[in-house]
Amino acid sequence: MGAQDRAGDLTLPMSDGRPALLRPGWIVFAIFTLNPLWWLMGFGGFTWSLAFVPLWGWILLRRNIAWLPTLTMFVIFIGWALLTIIRLDRFTRFLSFGFRYAAYLTALGLALYVYNERRVTRGQFIRWVSWLWVAAIIGGYVSFALPNATIHTTVASVVLPSSITSNDFVGNLVRPGFAQVQTFLGFPVPRPKTLFPFTNEWGGNVGLLTPFFVASFLYSARRRERLFGVTMLIVAVPPIIVSLNRGLWISLALTAGVVAYRSFLQGKTAPLKLLVAAVVIVAILIIATPLRQVVESRVSESDASTREGLYQEAWDGAKASPILGWGGPRPSENPYSPSIGTHGHFWLVMFSHGFVGLGLYLLWVLSTIRTAIKPRDGISLLLACVVIVGGAQMFFYNLLPISIPIVMTAFGLLCRPADDDPVLRPRLAPLTETRPRTFARA
């Protein structure tokens, strides 16, 4: 391939001396770093489904593509999912299926893209992804200032036909809001959702993106970047707490625990000390501020009855169609409950694609986690946490269209060796290296 090009260059020289119009890695930059722009235009939710077009265009134009471990199982799963389309009975359900399925293709494309695009360093890819975390945290503060605000007129709301935008879910995407205001302890709490359709999506994806930010800034060789990283993590505490998102709290605790435990086994005590310090700081903030009442209310409050009813309906629906499932979510028998399969990807896959689809999905998840947790450098450990957290979130979050692409991006990057990136500390040399197979096309 020749000498590796600097990821910060604006153009890449072509073989005939003319510069390329787009720099290497531009697809990841467009999906993640520019996501706030697409969100303001009303296309934020569609980006993750539409991105499969440039990704697979790039892949199909390459003569040699390395095929990563466990991706074959993912391909088998999405192949089976495609078969279940025969269970759909309405045009709108075909559209919803296409929206979700395109996100699966984006996820697969991202894993292959970030692994095979070696003109961009691993550190640069991680940095581009981490800016989405920064934007989400800033969005958390915007939600405090503008809790009831909605962007009523966007590019998407103008160009898309009203027959599409009149749908409640699509309308929520093309006319984005900054928060979901819910009442706790008798007063309204603006739960952030900026850049995402719902507050649960904000929490789940902040949990997945946090390891990217930590890897990019706290592991930086530059002191000012490490200082920025520490500052932003402190700044992130209020919106993370006020989000009242128990799944986010679990995700962050799981990441911190995995990093501290694996680092301790390698004789490194700094992550464990940081974890203890973080717990003390958060505890002080909760005890010494009004956040205590909010957190106690959220911990004691439970929507278990609603979720239990949805899980039971998903189980009963899967038993009624155990092979192919129902192709996608269906309305709940309870008119006040969300659709079946919308509260947890595990339940979505089981209900939509049957027990066969669920088995294939679980095999992919478990094999991917097994591959991810093999001992490598510190950056790869953080990326492995994204994969592990994604596996945990499937029981209480819907992972499409955003979360699975984030998980697959992390997986593609952790399979790469730690490259000679001046942004990262040189002490992070890899312990082992995954060597995927390379397939050449004629």
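All conditions in (1) part of a helix (DSSP H, G or I); (2) farther than 30 Å from residue 164 by Cα hold for residue 203, with the sole exception of (2).
Candidates in the range 368-379 are the residues that are of a type outside the set (D, E, K, R) and either touching a Pro at 6+ places or on another chain (Cβ under 7 Å) or not in a helix (DSSP H, G or I) (or both); of these, the one that is farthest from residue 257 (Cα to Cα) is 371.
With the structure loaded, tell me whether residue 106 is farther than 27 Å from residue 164 by Cα, touching a residue at least 12 places away in the same chain (Cβ under 8 Å) and hydroxyl-bearing (Ser, Thr, Tyr) or whether it fails that test. So residue 106 fails the test. What are the residue pairs meeting all of these: first residue in the range 258-280, first residue at pLDDT below 80, second residue of a type in the set (S, T, N, Q), Cβ atoms under 7 Å, and 6 or more apart or on different chains? Going by the 7 Å Cβ cut-off, the qualifying pairs are 271/263; 272/263. Residues that are more than 22 Å from residue 384 (Cβ to Cβ) and crowded, with 17+ Cβ neighbours inside 10 Å within the range 241-266 comprise 241, 242, 243, 244, 245, listed in sequence order.
Residue by residue, here is whether (1) without any contact (Cβ under 8 Å) to a residue 12 or more places away in the chain; (2) closer than 21 Å to residue 87 by Cβ holds:
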site	(1), (2)
312	yes, yes
317	no, yes
327	no, yes
378	no, no
382	no, no
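Okay, residues lined up against (1) in a loop (DSSP other than H, G, I, E, B); (2) modelled with pLDDT under 95; (3) not polar (S, T, N, Q):
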{"position": "388", "(1), (2), (3)": "no, no, yes"}
{"position": "392", "(1), (2), (3)": "no, no, yes"}
{"position": "397", "(1), (2), (3)": "yes, yes, yes"}
{"position": "405", "(1), (2), (3)": "no, no, yes"}
{"position": "409", "(1), (2), (3)": "no, no, no"}
{"position": "417", "(1), (2), (3)": "yes, yes, yes"}
{"position": "431", "(1), (2), (3)": "yes, yes, yes"}
{"position": "442", "(1), (2), (3)": "yes, yes, yes"}
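Checking each residue in the range 327-351 for being among the polar types (S, T, N, Q), more than 21 Å from the chain's Cα centre (by Cα) and buried (at least 17 other Cβ atoms within 10 Å of the Cβ) picks out 332, 337, 339. For the criterion of being among the aliphatic types (A, V, I, L, M) and modelled with pLDDT under 95, residue 37 fails.
Any residue at all in the range 293-315 that is among the hydroxyl-bearing types (Ser, Thr, Tyr), within 28 Å of the chain's Cα centre (by Cα) and at pLDDT 80 or above? The answer is yes; a qualifying residue exists. The residue list 108, 185, 132, 83 contains one member that is surrounded by fewer than 19 Cβ atoms within 10 Å (Cβ to Cβ), among the aliphatic types (A, V, I, L, M) and at pLDDT 95 or above, which is 83. When you scan the range 329-353, how many residues do you find that are at pLDDT 95 or above and touching a helix residue (DSSP H, G or I) at 6+ places or on another chain (Cβ under 6 Å)? Total satisfying the criteria: 5.
The values are calculated or read from the model by the stated rules, or taken from the named source; none is laboratory data. The structure displayed is predicted, hence computed values, not measured ones. A quick note on method: Cβ atoms are made from the backbone with ideal geometry, for glycine too, and the neighbour counts reach across all protein chains shown.
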